[in-house]
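See below for the structure under consideration.
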Amino acid sequence: MREFAYQRAGDVAGAVAAFAAAPGARYLGGGTNLVDLMKSGVESPERLIDVRGLGLDAVEEDADGGLRIGATVTNSDLAAHPGVRRRYPALAQAVLAGASGQLRNAATVGGNLLQRVRCGYFTDVTLPCNRRVPGSGCPAVDGEHHNHAVLGWSEHCVAVHPSDLGVALAAFDAVVSYETGAGPGELAYAALYPPVGDTPHRETSLPPGALITAVSLPAAPVAARSRYRKVRERASYAFATASVAAALEVRDGVVHDVRLAFGAVASRPWRAHAAERALTGAPATARAFGAAADAELAAARPLPHNGYKVPLLRNLMVSVLTELAEEAAR
Amino acid sequence: MTDTTARPRTDGGVVAPAGGAVGTARTRLEGRDKVTGAARYAADVPFDGLAHGWLVLSTVARGRITSMDTAAVLGMPGVLGVVHHGNAPRLHPAGLFGPDGQLQLLQDDRVPHVGRPVALVVARTPQQARAGAAALTVTYAQEPHDTVFRAGHPAGRPAPAAPARPDADLGDVEAEIAAAPVVVDQRYTTPEEHHSAMEPHASMARWEDGRLEVVDSNQGSFMVARVLATLFGLDQEIVRVRAEHVGGGFGSKGVGPQLVLAVMAATLLRRPVRVALTRRQVFSTTGLRPATEQRLRLASDSTGRLRAIDHATAAFTSTIQEYVERNTEASNVMYAADAIRTRTTVVPLDLPTPGWMRGPGAAAGSFALESAMDELAQAVGVDPVELRLRNEPSAGPVSGLPFSSRNLAACLREGARRFGWADRDPRPGTRREGRWLLGTGVACGSYGAGALPSTAAITARADGSYTVSVGAADIGTGARTALALVAADALGVPPESVRMRIADSRLGAAWFAGGSKGTASWSWAVTAAAADLRERLASVDRVPPDGVTGRGDTTDAIGALGKQERQSYGAQFAEVAVDTGTGEVRVRRMLGMFAAGRIVNPLTARSQLVGGMTMGLSMALHEEGARDEALGALVNSDFAGYHISAHADVPDIEADWVEDVDDSNPSGIKGVGEVGIAGTAAAIANAVWHATGVRHRALPVRLDRVLESGFPAAR
Ligand SMILES: Cc1cc2nc3c(=O)[nH]c(=O)nc-3n(C[C@H](O)[C@H](O)[C@H](O)COP(=O)(O)OP(=O)(O)OC[C@H]3O[C@@H](n4cnc5c(N)ncnc54)[C@H](O)[C@@H]3O)c2cc1C
Ligand code: SF4
């Protein structure tokens, strides 16, 4: 870990200005990812700008049923918020499925979205990795990729996005608000992570120096009946092997509205649009759920050692939707 | 021996006639210091003028170092020196049990594997040392490497026989198998596993008045001092090693690379140097359990009586040291059979040298043997508990030697009763709870017991206190506390009047905290010292100001022991739930019943047994070192990538014991450190079979393996 400067920003404008003035700076949220990466030498910022004092730590409920979540709301506070639990239960469940109690107390929403991949090559600076050192190669493609991507990868990088929270945000059409020296801006969460292509080191579509200020969720009545389920090798304190965020509204046995997103299968939380299309208007049966999963997973290109993720996702999606449909029928 | 020797009670609890301290639950003597942070570990002890060393590890799997740009690093802030093969002190062959190539650090330009120390950067602060290490450019002439283990590897060769246990070759295995009505013939694999004890390895070395002083994190300071002296060509008299508190070892804390390099740096720079490893360095440089591939052939008659056990195992080692993973030990002692054959192969590869990891040999070996026994029970159509009882031997199945004590059958019976085994439907796939299939499994385990020569001294003081000095190590096991209880009873005094001095090479020759023989070995020496002290005290009117000291040395007594089979035994029962949609396996409950001699401190003994079982659970379902074939490097060398069971994975584990009287050692102790992990993985894998109808013969039982092999038995 090399020496670095630390400063606490007092307001959003000050934080953005401080960042602009210090090339090689990083915003510091809870530090649960950034500081780890600094210790292992993956990150070596010259300056940390602590953003936890910017007053971005509130969850506001819109009158129309949406939510606006401040960027420094801790993961724990987010999961405990009554409005979140009522309107978007899958979101609260996703957060609680991540990390551990201590980590969630420190981790922020902004940091969670910009946490970096968990690929073992990426986190060991002695190994090659395109994402860390552009052009150095991606040993995971032919090497250890047991938990890597089956959708949307390129041969330049096959890592998956690790966030659980992000999977629920993807399902519910979240919008990211940010601030730069040039003023505020907004970006659909779906567009936050650019396709990997041949630039895996370009991890976000945010303009340089952008400070995430909030994440907004538009009103979505279907989200009140939602669920997040995470599959993992051990029962807690592990990143997902696969996960599903799902919301389902059934009317007269027919799917009226559905939201689906997958985690741990691609370089970004994967909104399952094809499955949603296939299901909307279809009967709410296990058979239809399976057909919809197949529609989505037709695009899957598993690597030699992670083919299991395809049937796993299918089973998971069918199982979660079946549970939601059964509950709706009660 | 003296009349104060404790005798086990018949109800399974144990008390001593004198003070009655042994057998009562006591919290650790140093517990308060540990939970308040007052206990200092090797990296915590301050020293004047302390410099800090940082390891530089090889990044290629095989080759030679062609250059090292030390000049650039020497100019960096705070950097005091760089130790490398061009300037390191020359070492003599040495090791805990014979010369160990792993300890020959920085002696030449060869690179035998990824993660071999190639230099040590020493600076005023750890941060400066770390920066220097990161900046040191090392260039290599790389050579093609081979890190992919398999049993049929052409480099494989028969392992030299263990000194005490040659390969078994009893009867005619092939003839029995050919004639038997039931044969199980299967292969079982276990992956590379890592100890990674909570406290990363750390050592401080300094020269003071011509003497070498070391503060270390190890499992036996006396033996470490002896190796250091030989390695550096020193008189052992001038080497002092201490390791007051140690945060776990699991076999990995012998003579660590950080210690050898700290001594080198202290010698070259003439100042105290501390080297503390990072978690990644612990994974890379401190040993591992090698991957194994085992073939088990069991043949029985139609009632399940064993006619043959044929156990062949292969494991990897490095190219610089031959480590043998002795997986076949259990096949020598567990079950009676007309013919028993064991064979062990080592495959040297461009990998780090494996070492003892909790239950070496037994943990992986029992997975194969006890899985095969379950398969045999299924094939014969007999209950797996009953199958084991039917094959209970009356003497060592291969050696013919009497057992010092053996109460495995009692473990099986009592365990089955408490677990509710009798209600079990033997057919797989019959129990379902929503998404989950449920199953139960049983497996047995054993681990070698006995004592090794040690010395101890006890000084009686005029104030009525007794100071016990013994070169024991307490690596978190509670050994310090157990020895105080043993001493109290042997002296016939309350434990409160006993003070313990341990973990210092100056305290005299003593065995290691290893092989589950630490407490048994030290206790014997302590009881001998107590006997000597009591005799001396009997001849004085009152204790003089400088006290009266009694000494014990068990070398002769142990040498005079008759030959016997000495093992701790256990039977473990597990219940698992398997998600039919995702393949996730979760353990719901576990029970271990053990026959492990006399239990000195039920509190810490239970914690050892539950700890061993937890590690076995971890082995069954989670642990797996992931190595990249092309690079030869471990790619999950941290706890985010290398999974050990988390709290949520560990159910309510019950561990208890049956009466087990072993008279061959006056302390009656057999050891509880390792038997807890023997059999656990098989019990869980057998339960997964019972739940799903699929045998999982490759560890860990990962969800992708479960999912891909399906649920053929599910009803
Ligand atoms: C052991 C362990 C297990 C974990 N398990 C899981 C898991 O199962 N599921 C899961 O989803 N996560 C898991 N995590 C990750 C955890 O959720 C993230 O570390 C955490 O959410 C990051 O938040 P933070 O505030 O600490 O971010 P930081 O570490 O402070 O920052 C992370 C990144 O975000 C940037 N950043 C922070 N705030 C802002 C902002 N407002 N605007 C712009 N950039 C910003 C930082 O510059 C940095 O690049 C785990 C972490 C650990 C250590
Ligand atoms: S998968 Fe991505 S993160 Fe992993 S090694 Fe390849 S480029 Fe790096």
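The values are calculated or read from the model by the stated rules, or taken from the named source; none is laboratory data. All of these numbers come straight from a predicted model, not from anything done at the bench. Cβ atoms come from the backbone with ideal geometry, glycine included; neighbour counts cover every protein chain shown. Keep in mind that these areas ignore ligands, DNA and RNA; they rest on the heavy atoms of the full protein, side chains included. Shrake-Rupley method; radii C 1.70, N 1.55, O 1.52, S 1.80 Å.
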- Message: Give the average, rounded to an integer, of partner chain Cβ atoms located within 10 angstrom of each Cβ in B:640-649.
- Response: 5
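Starting from the Kirkwood Rh over alpha-carbon pairs, what translational D in µm² s⁻¹ does chain B have by Stokes-Einstein at 25 °C and 0.890 mPa s?
Result for D is 93 µm²/s.
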- Task: Enter the buried accessible area of the B/A pair, total of both sides, probe 1.4 Å, in Å² rounded to the nearest 100.
- Result: 2400
- Message: If you fit an axis through the alpha-carbon atoms of helix A:309-329 and take the longest principal axis of the Cα set of chain A, what angle between them do you get, 0 to 90°, nearest 10?
- Response: 60
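For the protein assembly as shown, how many pairs of lysine residues have a Cα-Cα distance under 24 Å, where the two are 8 or more positions apart or belong to different chains?
Summing the qualifying lysine pairs gives 7.
What does DSSP give for the protein assembly as shown in terms of the percent of beta bridges that are antiparallel, rounded to the nearest 5?
Here the antiparallel bridges make up roughly 80 percent for the protein assembly as shown.
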- Computed magnitude of the charge dipole of the protein assembly as shown (debye, nearest 20; Cβ of K, R +1, Cβ of D, E -1): 500
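When you count, for each residue, the other Cβ atoms within 10 Å and take the mean per peptide, how do A:237-248, B:644-655 rank with the highest first?
For the peptides A:237-248, B:644-655, the packing ranking is A:237-248, B:644-655.
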- Within region B:588-715, what percent of beta bridges assigned by DSSP are antiparallel, to the nearest 5? 25
- Message: Which of rounded, prolate or oblate describes region B:603-707 when judged by the alpha-carbon gyration tensor and an a/c cut-off of 1.5?
- Response: prolate
- Note on the structure: Heavy-atom accessible area per residue of the protein assembly as shown, all protein chains kept, 1.4 Å probe, expressed in Å², is 36
- B:R589/B:A178 FRET efficiency (R0 35 Å; Cβ-Cβ; nearest 0.05): 0.25
- What helix-only [θ] at 222 nm does the protein assembly as shown give? Using -39500 (n - 2.57) per DSSP H run of at least 4, over all residues, to the nearest 500, the answer is -7500 deg cm²/dmol
- How big is region A:274-330 in terms of Cα radius of gyration and Dmax, in angstroms? 12.2, 43
- Query: Mean shadow of region A:1-51, computed from the convex hull of its alpha carbons, in nm²?
  - Reply: 3.1
- Item | Most mobile of A:E233, A:E296, A:E155 in a GNM of chain A (Cα contacts under 10 Å) | A:E233
- Query: Tilt of helix A:12-21 relative to the longest C-alpha principal axis of chain A, in degrees (0 to 90, nearest 10)?
  - Reply: 60
- Among A:P162, A:P89, A:P311, the residue with the largest mean-square fluctuation in a Gaussian network model of chain A built from Cα contacts under 10 Å is A:P311
- For A:227-239, what's the mean count of beta carbons from other chains sitting within 10 Å of each residue's beta carbon? 6
- Virtual paramagnetic centre 7 Å along Cα→Cβ of B:D69, amide N under 17 Å, in region A:109-151: A:126
- Item | Loop trypsin sites (Lys or Arg not before Pro), region B:82-183, which have at most 11 other Cβ atoms in a 10 Å radius of their Cβ (DSSP) | B:R90
- Span per principal axis, largest first, for the Cα atoms of the protein assembly as shown (Å): 93, 75, 58
- Averaged over A:135-147, number of beta-carbon atoms from partner chains that fall within 10 Å: 3
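How high is the relative contact order of region A:1-51, in percent, counting Cα pairs under 8 Å that sit 6 or more residues apart?
Once normalised by length, the contact order is 56 percent.
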- Quickly work out the A:T180-to-B:S394 label distance, labels modelled 7 Å from Cα along the C-beta direction, and quote it in nm with one decimal. 8.8
- Note on the structure: Residues from region A:289-330 losing no less than 20 square angstrom of accessible surface in the full protein assembly compared with the chain alone, 1.4 angstrom probe, ligands and nucleic acids excluded, are A:Y308, A:L312, A:N315
- Per DSSP, the loop-located trypsin sites (Lys or Arg not before Pro) within region B:439-543 having at most 12 other beta carbons within 10 Å are B:R542
- Note on the structure: Fraction of alpha-carbon pairs in region B:216-363 farther than 22 Å apart, rounded to whole percent, equals 55
- Task: Using only the alpha-carbon atoms of chain A, report the extent along each of the three principal axes, biggest first, to the nearest angstrom.
- Result: 61, 50, 35
- Task: Determine the percent antiparallel among the DSSP beta bridges restricted to chain B, to the nearest 5.
- Result: 75
- Message: With 20 Å as the cut-off, how large is the P(r) tail for region B:136-202, expressed as percent of Cα-Cα pairs?
- Response: 70
- Working from Cα positions, state the angle (0 to 90°, nearest 10) between the long axis of helix A:286-297 and the longest principal axis of chain A. 40
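If the convex hull of the alpha-carbon atoms of region A:229-329 is projected onto planes in all directions, what is the mean projected area in square nanometres?
So the mean shadow area of the Cα hull is 6.4 nm².
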- Item | FRET efficiency estimate (nearest 0.05) - Cβ-Cβ, B:W207 to A:R202, R0 45 angstrom | 0.25
- Can you pull the percent of the protein assembly as shown's accessible area that's carbon plus sulfur, 1.4 Å probe, other chains left in place? 51
- Message: For a quick check of understanding: with a 1.4 angstrom probe and all protein chains in place, what accessible area in square angstrom does A:K230 have, to the nearest ten?
- Response: 20
